[in-house]
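Novice: I have a structure here, written as structure tokens, and I will follow up with some questions on it.
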Amino acid sequence: MVIRMRHTRAHTKNRRSHHALKAPNLATCANCGATHRPHHMCLECGFYNGRQVMDLKAKKESREARLQAKREAISAQAAQIDPTEADSVAEAPAPEAIDEPKREEQK
């Protein structure tokens, strides 16, 4: 069947009145008291249904150790730059200064 008439704005908005987002239902964790999605593990302590599913404290510590090692590697890599190379790069003339005499000669 083909729609033969145009929907008015009012009819369109009436149809879309059920499209609004609803607030999610939340459950409280029996272990720590934080709110979490029902039938999901608590993201604060890692417990689900009265038992520990994931050790979040150990995961957080290992992640922090990994990030700290990465920061140290980056700082060590930055410290390996030769000071003589850094000085020669800083003393190099700017490209505009090199091109200016050529422009004067062309005029």
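Novice: Give me the one-decimal nm value for the distance between modelled label points at residue 9 and residue 80, 7 Å along each residue's Cα-to-Cβ direction.
Specialist: 6.5
Novice: A further question follows. What spacing in nm lies between the two simple spin-label points modelled at residue 18 and residue 64, each 7 Å away from Cα in the Cβ direction?
Specialist: 4.9
Novice: Equivalent ellipsoid semi-axes for the range 24-79, as square roots of 5 times the alpha carbon gyration tensor eigenvalues: give them largest first, rounded to whole Å.
Specialist: Over the Cα atoms of the range 24-79, the ellipsoid semi-axes are 35, 11, 7 Å.
Each reported figure results from applying straightforward, stated rules to the coordinates on display, with no laboratory input. This structure is a prediction, so every number in the text was calculated from the model and none was measured. Note that we place each Cβ from the backbone using ideal geometry, even for glycine, and neighbour counts take in every protein chain shown.
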